[in-house]
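One structure is given here, and the rest of the page talks about it.
The values are calculated or read from the model by the stated rules, or taken from the named source; none is laboratory data. Quantities reported herein were computed from a predicted structural model and do not represent experimental measurements. Please note: Cβ atoms are built from the backbone with ideal geometry, for glycine as well, and neighbour counts cover all protein chains shown.
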Amino acid sequence: MSTAAPDSYYGRPILKAPVWTWEVPAYFFTGGLAGASAGLAFAAERAGHEVLARRTWPVALGALSASPALLVSDLGRPERFLYMLRLVKPTSPMSVGSWVLTVGGLATAAATLIDRTGRLPRFGPVAGGAAALFGLPLTTYTAVLVANTAVPAWHEARRILPFAFAASAAASAGGAAAIVTPAGDAAPARRLGVAAGVAELAATEAMVRGLGSLGAPYREGPAARLAWASRASTAGGAALLGLAGRRRAAAAAGGALLLAGSLALRFSVMAAGRQSAADPAAVVEPQRARTGAP
Amino acid sequence: MSAPELPLTRWYGEEAHARVGFFTDTSICIGCKACEVACKTWNDVPEDGLDFTGESYDNTGELGASTWRHVAFVERPPADVEGPEGMRWLMSSDVCKHCTSAACLEVCPTGALFRTEFGTVVVQPDVCNGCGYCVSACPFGVIDRRQEDGRAFKCTLCYDRLKGGLEPACAAACPTDSIQFGALDDLRERAQARVETLHAEGVTEARLYGEDPGDGIAGAGAFFLLLDAPEVYGLPPDPVSTTRHLGEEWAAAGAAALTLAAGLAAAVLAGRRGR
């Protein structure tokens, strides 16, 4: 019969390379930052951390404002961006995400305006609650978006990737809030940044281990370099914020490192998908093993 | 109505047709590329590179936004002959599989990709906004975004010709009937008979690919008879539609979001005891 070893057609990839450009991982970062910041601002408001809440709402709104611009510019036909809202389609994480972003964005804008202007205070908790409610899935649906593809390094990480993205989003939100909030009012932001930074490191490590040989992109090439940068920044940021975060300069540096680590993680995941899709063996070998082919 | 795995009658009522597809019998493909030419010509698909690949007689390379039929050429020693004296041609005209469980269609956020009344999967160019999701969802690497245009394109199984009662251009042009067009039920029967004949003639390596409604894509609308392992032709050996695991993915995303909510609550409440 045929050859026993896994084969390929002139070494060509089986899958097409992802067409997504830098805007998409950048959006994963801004969407995560926005969603977790909205959640943090709302939680802070409810718990009576008014200064923290007041400083964090604009972070959420700023990150949310950047998000649609990034997404639109990545489209092959940017002028058709509104077609994203033609349907509500549960089998398409991109469709679900477009609605989460739209509703969450409007709620965050409302919550921020109410908080900053003091107008219509009755609607503050409703808008803030909605912003937080839609902000939470905004941090994790992007993991489903990439996991729900044929790309092995993404798809086979489907159970852990949302946790890595949620942790990364929380770390970035904690970092950003620690930068913009006076140290005396920023204790919850520092706690969030440190704990989420550690969780981000742990979830990412668990993802790479769980992928086994499919995690090769995280060990070699561009994805590996970005993953290394992400780990170093996140670990440094969490340490700085945890140990010296009461000092303004250390809080700013630690927060910035957490943001950088979170951003690098999304670029690392995107690069890993690109490397994984380019490797025919990553597609063929697990499938052959599944079918029991020799 | 044929093909119980797609309820075309429920979706289309009177307009529903029997589900149609391709049976590509690679054992009688002669590598003439008439299918490639017919497809390009009928569908007005733009030129996508006149390259010399050095990969046998294949200068097309792979399916893509502007290549909807692709003839693969594999030069291999026969299994029972050692050394360079023997050579066996494998030729196969690849095409979009028009999956029953089509990941491209399921992930498409705009509804540009849809299921026709013939059971085929087609992109509507006037709706596609070029988000690129289908490209990474396809387990076969078929659909792609056309760089200069920005939208995604692939085989339509000649939707316009089907509407006019004609068979697709590639099947019409195929001189050996390697590409057979017809109702999927008939094609499956024909393919089963063909593979049994080949086995009886001693061609034990003949196998069907994509014909089984029980597989990871719930059966292809365009399936194949191959003479070697699928990966030799650049086909995935056991493709599974990614949306099969979507429930699992949303569950993980929900659990992660709830964990985040708990973490946020803990962060803002933790300091209170100390006060």
I'm checking my understanding of the structure. Among residues of the stretch A:156-187 that are surrounded by 24 or more Cβ atoms within 10 Å (Cβ to Cβ) and farther than 18 Å from A:GLY32 by Cα, which one is farthest from the other protein chains (Cβ to nearest Cβ)? A:THR181
Condition first: at the interface with another protein chain (Cβ under 8 Å from one of its Cβ atoms), touching a residue at least 40 places away in the same chain (Cβ under 8 Å), among the polar types (S, T, N, Q) and in contact with a Leu (Cβ under 9 Å, 6 or more places away or on another chain). Can you find one or more residues in the stretch A:144-151 that meet it? yes
Tell me which residues, restricted to the stretch A:1-46, are modelled with pLDDT under 95, within 7 Å of chain B (Cβ to nearest Cβ) and more than 23 Å from B:THR53 (Cα to Cα). A:MET1, A:SER2
Condition check: of a type in the set (S, T, N, Q), outside any helix (DSSP H, G or I) and closer than 24 Å to A:LEU70 by Cβ. Does A:THR149 satisfy that? yes
Qualifying strands (runs of 3 or more DSSP E) (wholly inside the stretch B:33-139; at least 2 residues being in contact with a Phe, Trp or Tyr (Cβ under 9 Å, 6 or more places away or on another chain)): B:69-76, B:88-95, B:121-123
List every residue pair whose Cβ atoms lie under 6 Å apart, where the two residues are 6 or more positions apart in sequence or sit on different chains, the first residue falls within the stretch A:178-198 and is closer than 15 Å to A:ARG54 by Cβ, and the second residue, located anywhere, is outside any helix (DSSP H, G or I) and modelled with pLDDT under 95. none
Looking at the stretch B:150-167 only, could you name the residues that are in contact (Cβ under 8 Å) with a residue 60 or more places away in the chain and not in a helix (DSSP H, G or I)? B:ALA152, B:PHE153, B:LYS154, B:CYS155, B:THR156, B:LEU157, B:CYS158
Answer from A:THR181, A:THR204 - the residue that is at pLDDT 95 or above, among the β-branched types (Val, Ile, Thr) and within 13 Å of A:GLY261 (Cβ to Cβ): A:THR204
Being surrounded by fewer than 15 Cβ atoms within 10 Å (Cβ to Cβ), farther than 30 Å from A:GLY35 by Cα and among the hydroxyl-bearing types (Ser, Thr, Tyr), is that true of even one residue in the stretch B:219-239? no
Could you please find all residues in the stretch B:158-183 being in contact with a Leu (Cβ under 9 Å, 6 or more places away or on another chain) and of a type in the set (A, V, I, L, M, F, W, C)? B:CYS158, B:ALA172, B:PHE181
Is at least one residue of the stretch A:255-271 within 14 Å of chain B (Cβ to nearest Cβ) and outside any helix (DSSP H, G or I)? no
Can you confirm whether the stretch B:85-106 contains a residue that is at the interface with another protein chain (Cβ under 7 Å from one of its Cβ atoms), under 22 Å from B:ILE217 (Cβ atoms) and without any contact (Cβ under 8 Å) to a residue 40 or more places away in the chain? no
Checklist (1) of a type outside the set (Lys, Arg); (2) in contact (Cβ under 8 Å) with a residue 12 or more places away in the chain; (3) surrounded by fewer than 16 Cβ atoms within 10 Å (Cβ to Cβ); (4) more than 30 Å from B:PHE140 (Cβ to Cβ) applied to A:LEU82, failing item: (2)
Going by the conditions given, is A:ARG274 surrounded by fewer than 18 Cβ atoms within 10 Å (Cβ to Cβ) and either within 14 Å of another protein chain (Cβ to nearest Cβ) or outside any helix (DSSP H, G or I) (or both)? no
So which strands (runs of 3 or more DSSP E) are wholly in the stretch B:168-242 and hold at least 3 residues that are more than 10 Å from chain A (Cβ to nearest Cβ)? B:179-183, B:222-226
For A:ARG246, are the conditions met, namely being surrounded by fewer than 18 Cβ atoms within 10 Å (Cβ to Cβ) and not in a helix (DSSP H, G or I)? yes
Output the number of residues of the stretch A:198-207 satisfying the condition of being within 15 Å of A:ALA147 (Cβ to Cβ) and surrounded by 17 or more Cβ atoms within 10 Å (Cβ to Cβ). 3
Looking only at the stretch A:248-271, and only at residues there that are over 19 Å from A:THR56 (Cα atoms) and in contact (Cβ under 8 Å) with a residue 40 or more places away in the chain, the one that is nearest to the chain's Cα centre (by Cα): A:ARG266
Against the conditions (1) touching a residue at least 40 places away in the same chain (Cβ under 8 Å); (2) under 30 Å from B:SER66 (Cβ atoms), where does A:GLY31 fall short? Just the number, please. (2)
Among residues of the stretch A:86-101 being more than 9 Å from every other protein chain (Cβ to nearest Cβ) and assigned to a helix (DSSP H, G or I), the residue farthest from the chain's Cα centre (by Cα) is A:TRP99
Check whether at least one residue in the stretch A:121-129 is without any contact (Cβ under 8 Å) to a residue 24 or more places away in the chain, outside any helix (DSSP H, G or I) and away from chain B (no Cβ under 13 Å), and report yes or no. no
